Amino acid sequence: MKVFPALDPKTYQPHPLHSAERMWPETNCYVDLWIEVLAAQGLAPEAMLGFTLTQDFEGDQFTFFKVPLEDLETLYGIRVTELAIFDRPELHVVEQVGRGRLALLELDSYYLPDTRGLTYGLEHGKTTVAVNRLDLEARELDYFHNGGFFHLAGDDFDGLFQMNADVDALPFLPYTEFAKFPVMYPASKDLREAAWKLLRHHFARRPAANPIRAFAEVFPVQVERVAERDFGFFHKYAFNTLRQLGANFELLASHLEWLNGGNFPEAQSQALKISEVAKSTQFQLARAVTRKKFEPLKTALDPAAEAWDVLMADLARTLDRKREAA
């Protein structure tokens with residue numbers, strides 16, 4: 001049984017939001033997964049990205065941005081809620097797949113072959129996958145993860161679901177959600193109108209103070225501490241700071257273009273500028289950690305901080321004009 005019968009990992013083509021031509025071809029596991037799940041049903045994932053306006057600096061990281069579940073229901077009629085795990089997780093997944101529902105599980109990327117060269121067989125880490133097909137007898141799984149749709153089997157299947165765990169091991173209880181899909185999706189006109197409303201909603205929820213400027217104030221000191229750790233820690237730090245920042249605002253630019261590029265030329269430009277600065281600063285960060293020279297980082301983020309101010313001011317004017325015109 002499959003939730004989406006037509007999908008085949010061998011022939012699957014990722015959505016353009018995951019094109020190698022983008023500055024950040026992948027963002028984070030949860031948003032990337034939903035981009036592909038929506039696109040696989042012929043829906044526009046760009047419509048859900050207004051929430052990126054709310055990203056803040058949380059003191060040690062930028063917000064790990066995730067599409068709010070209420071937005072998925074408002075836009076597409078998709079209802080997502082937690083799935084209680086009181087039995088073997090794979091049995092719950094089989095039940096939900098049989099009902100036409102996707103199960104989203106937080107699993108160990110050590111056993112996911114699509115992460116080859118990064119974490120597969122090298123490092124344990126938490127990540128979210130969405131299961132389209134699970135065959136217990138054949139020990140096979142077809143799943144959405146990051147920017148694509150993949151297949152695994154055999155030992156990877158056993159490891160992922162801890163089939164060979166000791167009898168005295170703690171129970172395997174991953175955090176799990178499941179998605180219920182509507183009989184009919186909204187018309188494109190209704191989807192666009194809902195996205196406009198959500199853009200205004202999320203703009204009102206934007207950070208009160210410039211989050212990039214707040215990050216810039218502590219960035220050099222944080223990097224000095226990162227430089228004292230093993231180099232592997234650098235990748236974790238960069239992922240949770242500069243990558244989340246850059247990827248978030250590149251997606252915002254795509255959202256504004258999808259809504260109506262003619263309405264937001266300045267805002268789109270500034271969002272892309274933030275993304276570009278985050279990318280270039282990530283390269284500077286790597287050099288600083290290697291050479292133990294942190295002085296250049298003090299002003300590296302200034303152009304992005306200025307772009308955030310311009311972006312928010314331009315959006316305020318544009319949304320006011322749209323409100324008056326309505």
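A single entry from Leu107, Leu38 fulfils the requirement of being crowded, with 21+ Cβ neighbours inside 10 Å, within 20 Å of Lys236 (Cα to Cα) and of a type in the set (A, V, I, L, M): Leu107. When the residues of region 151-180 are narrowed to those that are among the hydrophobic types (A, V, I, L, M, F, W, C) and surrounded by fewer than 18 Cβ atoms within 10 Å (Cβ to Cβ), which ends up farthest from Asp114 (Cα to Cα)? Ranking the candidates gives Val167 first. Against the numbered list (1) more than 22 Å from Gln55 (Cα to Cα); (2) among the hydrophobic types (A, V, I, L, M, F, W, C); (3) within 24 Å of the chain's Cα centre (by Cα), Leu245 comes up short only at (1). Of all residues in region 103-116, those that are within 12 Å of Glu90 (Cα to Cα) have Cβ atoms under 6 Å from Cβ atoms of residues that are part of a strand (DSSP E or B) and of a type in the set (Gly, Ala, Ser), 6 or more apart or on another chain, in Leu104/Ala130. Looking at (1) under 18 Å from Ala238 (Cβ atoms); (2) surrounded by fewer than 21 Cβ atoms within 10 Å (Cβ to Cβ); (3) modelled with pLDDT of 95 or more, which one does Asp32 not meet, given that it meets all the others? Failing condition for Asp32: (2). Of everything in region 277-288 that's touching a Gly at 6+ places or on another chain (Cβ under 8 Å) and surrounded by fewer than 23 Cβ atoms within 10 Å (Cβ to Cβ), which residue is modelled with the lowest pLDDT? That would be Gln282. Scanning region 208-267 for residues that are of a type in the set (D, E, K, R) and surrounded by 20 or more Cβ atoms within 10 Å (Cβ to Cβ) yields a count of 2.
The values are calculated or read from the model by the stated rules, or taken from the named source; none is laboratory data. The shown structure was predicted, so the numbers you read here are calculated from the model rather than taken from an experiment. Reconstructed Cβ throughout: ideal geometry from the backbone, glycine too, with neighbour counts over all protein chains shown.
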